[in-house]
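Single-structure report; data block below.
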Amino acid sequence: MTEQPERDLPRVIGCAVEGAPRAPGDYAARILGRSRRRRARTQALLAAAAVVLVVGGGAVAVQGASGGEPPVAADITPETTPSPTMTMPAPVAEVWPDAVHTIPTKLPNGRRGRPLTLIDDHTLLLETWQSFEKADALYSYDLASGQTRKITDIRTPEGAFASGYAVGEGRIIWKMIDGVHTSFWSAPLSGGQPTAVETDAPVKGRGGGLVVTGDKIAFSLLEGGVFTLPLKGGAVTPVEGAERHHILQWPWVGTPGEYTPNNEPSFEEILNVETRQTSKALVRLGEENVRCGVTACVGRRPGRSAFYRLRDGSRERDLPDSTLGLAYDRFMTVSVGPTRAQVLLDLATGRSGDLGLRPDTKGRTGNIQPGLNPYERLIAYELKGQYVIIDLAMIR
């Protein structure tokens, strides 16, 4: 029997997005290169990213973090319903002091660290690069003490790149993508040399979503298809009924995935691979940039006004203009005021915080675009020579 997944969730939280660009040639290639090879590499890199900081037509991809439980649905009305126009709020660190941290952009050894994921509520995983897209080491950073510890070196072969870091069972797992093949690597969180996760046959395709679930790795491919693999290595097993699907929020998988070159609704159909529940979201004629999560969808009507509603079409309401992304199934960014300053908006409570980004002297504006994975908890971006770290799971 097909059931709406929100019936199984005790809370319903509003979420919103002006759908991110989908076509790899228009989006990923614009960010990290124009060659066909670079587009392929960028798609896989962005599949693991939660935030893209765009400045003056260029961009830096800042990796996101999976972890913790996503907000669940609630049959309630937010404390404050966002209006089409908003006034500038206080800085995010003042609005949500328990959720916001600033850290140096460089490690004590002088290497530049890149935020990847949250290992736990107070520990950040950082990556250093030998050169562009060529990772060479992983570090932990204690958000409370500021202490840094090297976890492992990463050996990145020529023409390959590492991405999609996931944490579970005391280990870090990541993908190594080389052309159209994907391999998996593992290292203990306590420290030590990385080891390959052996597979019974080469994995043909570019790795997309990646999670650790119990003693297994679950992953999807950008070309479509969801699979599992023992954490210690072994047979790659296709997930039944998910031949075209992509990981949304495990155990939910869906199709189409994040990248929809022809502007198809993202994750219009979803499947719970454990319970076999399914849901197909309501999408009306002429709607664009429709992006769906487990409980809700956001997008734009033919008249370009933004909307939020549950997957079955109920509880539809308008959203502020200039929405740029969706994160943790609850947060979006909007532009406020004549300078179009970026604001993080919590649709569960209606509260918002100023991200601090302003146009530079040449009028170039930076945009934070969370939501390449709607259930990732980390937003990280550079501001005034430091990284701003926002743990969405700590926003109550």
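The values are calculated or read from the model by the stated rules, or taken from the named source; none is laboratory data. Predicted, not measured: the structure shown is a model, and the values here were computed from it. Cβ atoms come from the backbone with ideal geometry, glycine included; neighbour counts cover every protein chain shown. Note: accessible area is taken over every heavy atom of the protein model, side chains too, but ligands, DNA and RNA are not part of it. Shrake-Rupley method; radii C 1.70, N 1.55, O 1.52, S 1.80 Å.
Things worth noting here:
- Among the residues of region 129-173, those identified as more than 26 Å from TYR328 (Cα to Cα), hydroxyl-bearing (Ser, Thr, Tyr) and in contact with a strand residue (DSSP E or B) (Cβ under 6 Å, 6 or more places away or on another chain) are THR148, THR152, THR156.
- Entirely in region 114-170, the strands (runs of 3 or more DSSP E) that have 2 or more residues that are within 20 Å of the chain's Cα centre (by Cα) and of a type in the set (Val, Ile, Thr): 114-120, 123-131
- Residue ID - surrounded by the most Cβ atoms within 10 Å (Cβ to Cβ), chosen from residues in region 172-192 that are assigned to a loop (DSSP other than H, G, I, E, B) and on the phi < 0 side of the Ramachandran plot: LEU189
- Considered as a group, the residues in region 222-232 that are assigned to a strand (DSSP E or B) and open to solvent by less than 10 Å² (accessible area, probe 1.4 Å) include one that is farthest from GLY257 (Cα to Cα), and that residue is LEU229.
- Residues of region 104-122 that are open to solvent by less than 90 Å² (accessible area, probe 1.4 Å) and in contact with a Lys or Arg (Cβ under 8 Å, 6 or more places away or on another chain): THR105, GLY113, LEU118.
- Residue count for region 193-221 satisfying the condition of being over 23 Å from GLU127 (Cα atoms), of a type outside the set (Asp, Glu) and either open to solvent by 50 Å² or more (accessible area, probe 1.4 Å) or part of a loop (DSSP other than H, G, I, E, B) (or both): 6.
- Qualifying positions in region 147-169 - open to solvent by less than 50 Å² (accessible area, probe 1.4 Å), more than 15 Å from THR117 (Cβ to Cβ) and either basic (Lys, Arg) or modelled with pLDDT of 95 or more (or both): THR148
- When residues in region 233-257 are screened for being aromatic (Phe, Trp, Tyr) and part of a strand (DSSP E or B), 1 of them pass.
- Restricting region 123-142 to residues that are of a type in the set (Phe, Trp, Tyr) and at pLDDT below 95 leaves a set whose member that is most open to solvent (accessible area, probe 1.4 Å) is PHE132.
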